[in-house]
Amino acid sequence: EQARSEAGIVTLDLSQTHVAFDGSALARELPRAIAAGQLFLQYQPKVNVRQEAVTGAEALVRWHHPVRGLILPGEFISAAEDGGEIVGLTLWTLRQVIADQQVMRAHGHDMPVFINISGVLLADDGFVAEACRIVRDSGARIGFEITETAVIRDPESAIRHLQTFAAIGIPLAIDDYGAGLSSLAYLKQLPASELKIDKMFVMQLTSSNRDPLIVRSTIDLAHALEMEVTAEGVETPAALALLSVMGCDMVQGYLISRPIALDAFVRYLDEESYK
Ligand code: C2E
Ligand code: CA
Ligand code: CA
Ligand code: CA
């Protein structure tokens with residue numbers, strides 16, 4: 001992208017340009033990559049703060065690219081949102097989670113699995129109808145993680161669609177809370193049962209002066225709104241201990257488990273490795 005500096009000199013930021021072109025080129029490859037079986041999911045457990053039980057799992061998409069190797073979603077999700085590939089990607093994710101949940105159930109592990117729903121999809125009537133149909137037909141326990149930013153863009157239609165999801169029994173979690181644009185006016189209107197505190201507040205919890213105050217007041221706010229609270233990005237025993245004292249309900253992070261493939265996740269549950 002070209003930008004004119006204050007001195008009137010045209011500069012070219014190559015690093016930015018590279019990332020932007022790269023992401024949209026990758027996103028355009030997604031439909032073929034899905035058809036070729038290059039995408040796969042990893043699961044990261046959410047456990048209750050006492051580490052007695054796994055209360056759910058989050059599905060995170062990964063791409064085994066034939067040339068570039070492992071690609072994480074940060075490299076292609078936002079371009080896929082812009083280019084429209086996010087619809088097919090998310091429907092693929094949904095179907096894959098449903099299939100994987102059958103495997104978990106066959107091993108005696110029954111819990112909701114949450115998938116990330118991009119904000120743009122909350123404005124897409126076709127996506128919402130198809131996602132509802134798939135979830136209803138499957139009888140699977142699927143939850144959706146959504147960000148508040150998604151709602152702020154087009155509140156009426158987003159809230160209406162979220163109410164549709166909630167009405168058919170899809171639990172909703174507000175993701176990345178505190179990281180983006182937040183509005184308490186929307187927060188109280190959302191039919192969400194869970195609030196996830198963004199990892200940027202959790203990762204510095206025991207080394208910052210302010211983050212503990214922010215986290216504690218967010219936990220209290222969520223509880224006042226009758227939502228359960230998950231802290232993501234829990235990396236240390238000290239953070240876990242502090243979250244426990246603050247009354248946080250659930251934790252997720254590298255301390256508990258990194259995101260892992262389905263077979264490893266089933267083993268993790270079999271062995272009760274979270275305890
Ligand atoms: P997110 O929903 O906030 O997911 C949490 C991210 O934090 C994941 O990165 C996860 O691997 C990472 N993480 C988990 N625990 C820790 C920890 O203790 N410390 C640190 N430093 N990081 C931790 P990942 O898998 O790279 O995903 C990045 C983002 O991509 C996700 O952020 C989510 O917004 C998006 N994403 C992933 N899968 C999908 C998908 O299927 N559809 C859509 N629309 N977005 C997805
Ligand atoms: Ca998430
Ligand atoms: Ca998050
Ligand atoms: Ca342990």
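Bear in mind that the values in this text are calculations on the coordinates, not laboratory data. Treat the numbers as computed from the prediction; the structure is a model and nothing was measured. All Cβ positions, even for glycine, are placed from backbone atoms using ideal geometry, and neighbour counts span all protein chains on display.
Counting other C-beta atoms within 10 Å, which of ILE152, ILE219, ILE197 has the fewest, and how do the rest follow?
Ranked by crowding around the Cβ, least crowded first: ILE152, ILE219, ILE197.
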| note | Expressed as a percent, the portion of alpha-carbon pairs in segment 63-137 spaced more than 14 Å apart is 67
| query | Quick one: in the chain, what % of C-alpha pairs are over 32 Å apart? | reply | 27
| said: Can you tell me the length gained on complete extension of the stretch LEU70 to SER193, counting 0.36 nm per residue apart and subtracting the Cα distance? | reply: 40.9 nm
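Please report, in whole Å³, the volume per residue of the convex hull around the C-alpha atoms of segment 122-179.
For segment 122-179, the hull spanned by Cα atoms encloses 68 Å³ per residue.
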| request: Provide, for q = 0.15, 0.33 Å⁻¹, the log10 of I(q)/I(0) from a solvent-free Debye sum over equal Cα point scatterers in segment 229-275. | output: -0.42, -1.16
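Place a +1 charge on the Cβ of each Lys and Arg in segment 93-142 and a -1 charge on the Cβ of each Asp and Glu, then give the dipole magnitude about the Cα centre in debye, rounded to the nearest 20. Can you show the working numbers first?
Values: 5 positive and 6 negative charges, 35 e Å.
Charge dipole of segment 93-142: 160 debye, to the nearest 20.
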